[in-house]
Amino acid sequence: MKRDINGKTKIIGVIGKNIENSLSPLIHNQMILKHSLHFCYLPFQVAETDLNKAIQGIKALNIRGVNITFPYKEKVVKFLDEVEESARRVGSVNTIVNNKGFLTGYNTDVIGFKRSLQEDVEFVIKKKKAVIFGAGGAARGIIFALLEEGIEEICIFNRTLEKAKKIKQDFSPFFPESSIDVFPLKEENLKNKIERAHILVNTTSLGMPPQIDKTPLPDEKLFQPNLLVYYLIYHPAKTLFLRQAEKSGAKIINGLPMLVYQGIESFYLWTGLKPEGKEALKIIR
Ligand code: NAP
């Protein structure tokens, strides 16, 4: 497989703060090569103070579109011309499409997360109970996905309680059948809530390199063997958090399948072509 970069090549990429370890460039460029498309996917490391300029630069440089990653999924919304309906309800954007200078924001994390649960761990969300660590841009997509699929109860634990409260306030009116409770991260209710839960999702950025041995769980004995423990971070594949969960007998999954599935949806928005999940997963396995 060979690629020609020439005057017709369309540029896509990812904008984030710490993207040295992102696997998105590898995944997207392999999909581009496999399907012989005139595209090239690049990493753009952007400081928060330059975020607006970088987004306006998408228009100026005629970039076809970008993924948005940590920590800009919520912050980017105000710089866009339009936000697609479900991304607007989620309140975070991980994909931007540039149509002749008009920028539209989408959230493909929602479908990526759902698909990883269905296809990689065969987890049925309906009527289950969840504990979520974190209330940032990724958490919003995950909580929205769980609510859309009929989860019974969600307990959000976050360092900054106000952000968890805002999620409850934004989402509760649309999902009256599900209950959402919020707690500060060091809440004594943690034990009780985890014992009742079927799935625990860690959406915090704690554990990202170089802090790979940081975990938001105060005591590893709180993990339960009957839990599905999900950690959005995929580099390294098993952080301390997932190793402790696995030791307790819990089933574990990291963020790689979600990264691939959300990437497939973004790729489709930019190119009109939707690669097979299995084919895309082979790139990183
Ligand atoms: P974000 O919007 O910046 O949110 C970060 C979250 O982590 C917030 O809830 C924050 O709490 C919490 N946090 C950060 N440092 C903490 C600390 N020292 N102690 C306790 N909590 C802390 O980031 P994001 O976009 O949600 O991304 C979160 C992580 O998910 C990143 O590592 C990202 O790479 C990963 N991710 C992976 C995928 C995938 O496809 N696998 C998709 C999306 C995101 P506060 O609210 O108190 O600041």
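Brief remarks follow.
- For the stretch 133-149, the set of residues classified as closer than 11 Å to Arg89 by Cβ and near the ligand (Cβ under 8 Å from one of its atoms) consists of Arg140, Gly141, listed by residue number.
- The listed residue being touching a residue at least 60 places away in the same chain (Cβ under 8 Å) and in contact with a helix residue (DSSP H, G or I) (Cβ under 7 Å, 6 or more places away or on another chain), out of Leu269, Leu256: Leu256
- First in the stretch 172-185 and on the phi < 0 side of the Ramachandran plot, second anywhere and open to solvent by 100 Å² or more (accessible area, probe 1.4 Å), Cβ under 7 Å, 6 or more apart: Leu185/Arg159
- Only residues that are within 12 Å of the ligand (Cβ to nearest atom), open to solvent by less than 10 Å² (accessible area, probe 1.4 Å) and β-branched (Val, Ile, Thr) were counted across the stretch 108-132, and they come to 2.
- Those residues of the stretch 14-50 which are assigned to a helix (DSSP H, G or I), under 23 Å from Lys73 (Cβ atoms) and open to solvent by less than 50 Å² (accessible area, probe 1.4 Å), in sequence order: Ser24, Pro25, Ile27, His28, Asn29, Met31
- Residues in the stretch 175-188 that are assigned to a loop (DSSP other than H, G, I, E, B) and closer than 15 Å to Ala130 by Cβ: Phe175, Glu177, Ser178.
- Residue identified as open to solvent by 60 Å² or more (accessible area, probe 1.4 Å) and either farther than 15 Å from Ala130 by Cα or within 11 Å of the ligand (Cβ to nearest atom) (or both) among Lys247, Lys191: Lys247
- Enumeration of residues in the stretch 21-46 that are farther than 17 Å from Trp270 by Cα and touching a Leu at 6+ places or on another chain (Cβ under 9 Å): Ser22, Leu23
- Within the stretch 11-40, the residues that satisfy the criterion of being out of contact with any strand residue (DSSP E or B) (no Cβ under 7 Å at 6 or more places or on another chain) and closer than 21 Å to Glu276 by Cβ are Leu23, Leu26, Ile27, Gln30, Met31, Leu33, Lys34, His35, Ser36, Leu37.
- Identity of the residue in the stretch 202-229, in contact (Cβ under 8 Å) with a residue 40 or more places away in the chain and more than 10 Å from the ligand (Cβ to nearest atom), that ends up farthest from Lys128 (Cα to Cα): Leu217
The values are calculated or read from the model by the stated rules, or taken from the named source; none is laboratory data. All values derive from a computational prediction rather than experimental measurement. Positions of Cβ are generated from backbone atoms using ideal geometry, with glycine treated the same way; all protein chains shown enter the neighbour counts. Heavy atoms of the whole protein, side chains included, go into the accessibility calculation; ligands, DNA and RNA do not. Shrake-Rupley method; radii C 1.70, N 1.55, O 1.52, S 1.80 Å.
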